[in-house]
Amino acid sequence: MFTARRAAREVYSEPTLHDRIRALGGAVPCRSRDPEAFFDETFTGIESAKSTCRACLLNTLCLTEALARNESWGVWGGELLRNGAVVRTTGSLTSASPSPSRPAAPRQPVRRAC
């Protein structure tokens, strides 16, 4: 027999990040900061944003959804993303390298005008 409760169970899916934020009443650390802080280009700014994320109960879900959306830039779930991949920082953005789980794109030879 078909019931509304059975139909609800069949269509149920995992709550999204936004669903969980609403369930917490919007009380997540990133909501109390300027959104630009998560797109800072300095090492200090990035580390500050990462520490904000690490204090959040939803950081794993945030990172998972950001990777699924192929976010091009920013700190998501306590990790720096660039071009849809986690980037490990080692002191400056110029020395950042892609995560071993996603190989770096092949470098193109640089043509120099002589």
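The values are calculated or read from the model by the stated rules, or taken from the named source; none is laboratory data. What you see is a predicted model; the values in this text were computed from it and never measured. Using ideal geometry, Cβ is built from the backbone for each residue, glycine included, and neighbour counts are taken over all protein chains shown.
Of all the numbered requirements in (1) surrounded by 15 or more Cβ atoms within 10 Å (Cβ to Cβ); (2) at pLDDT 50 or above; (3) not basic (Lys, Arg), Ala27 misses one, and that requirement is (1).
Listed by first and then second residue, the pairs linking a residue in the range 20-46 that is under 14 Å from Trp76 (Cα atoms) to a residue that is modelled with pLDDT of 85 or more and in a loop (DSSP other than H, G, I, E, B), with Cβ atoms under 7 Å apart and 6 or more places separating them unless they lie on different chains, are Val28/Cys56; Val28/Leu58; Pro29/Ala55; Pro29/Cys56; Cys30/Cys56; Ile46/Asp40.
Looking across the range 31-53 at every residue that is under 14 Å from the mean Cα position of the chain (by Cα) and either among the polar types (S, T, N, Q) or closer than 18 Å to His18 by Cα (or both), the one that is surrounded by the fewest Cβ atoms within 10 Å (Cβ to Cβ) is identified as Pro35.
Quick one: in the range 11-24, which of the residues that are in a helix (DSSP H, G or I) and of a type in the set (A, V, I, L, M, F, W, C) is surrounded by the fewest Cβ atoms within 10 Å (Cβ to Cβ)? So, considering only residues that are in a helix (DSSP H, G or I) and of a type in the set (A, V, I, L, M, F, W, C), the one surrounded by the fewest Cβ atoms within 10 Å (Cβ to Cβ) is Val11. What is the one condition in (1) in contact with a Phe, Trp or Tyr (Cβ under 9 Å, 6 or more places away or on another chain); (2) modelled with pLDDT under 55 that Arg111 does not satisfy? Here Arg111 meets the rest and fails (1). The residues of the range 37-70 that are within 26 Å of Glu14 (Cα to Cα), aliphatic (A, V, I, L, M) and part of a helix (DSSP H, G or I), listed by number, are Leu61, Leu63, Ala66, Leu67, Ala68.
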